[in-house]
Amino acid sequence: SLLSLLSPLSPPPALALSSCRSLDLEAARRKRIEAVRGQILSKLRLPEPPAEPGPARPLPEEIRALYNSTRELLRQRERLRQPQDPQEYYGKELLRFPMESPGEGERGHGDSRGTAGDTG
């Protein structure tokens, strides 16, 4: 039969039905990185990645002195500051002391809204 003649030449049934190529994970990773890089450049509205920065310039002495004096001042303030009382962390109770008797604030201040017929 013709089928018996062709069977040694044809691949096994599982391979014959598969149309997937073997996946190169490294190539897929590189493509994904390039896609993300392109999205970042697009968000930044840059046509290409910026050039690599050159070597850093040394800080001017005035800036270095200002930075160091500020750090030292903050250290001194921290040393002189009293340790915080744990009770200071929690909220305080609010006490209200009414200075007018009830109803006094609503009447007698030139506002006639809602006072006609009110008995208090």
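The phi-based Karplus calculation (6.51 cos²θ - 1.76 cosθ + 1.60; θ = phi - 60°) puts the 3J(HN,Hα) values of the range 39-47 at 5, 5, 4, 5, 4, 7, 6, 10, x Hz, whole numbers, x for Gly and Pro. Spin-label pair Glu72-Lys31: with each label point 7 Å from Cα along the Cα-Cβ axis, the two points sit 6.1 nm from one another.
Any read-out appearing in this document is the output of simple, stated calculations on the displayed coordinates, not a laboratory observation. Worth saying up front: this structure is predicted, and the values here are computed from it rather than measured. No Cβ is skipped: glycine too gets one built from the backbone with ideal geometry, and neighbour counts run over all protein chains shown.
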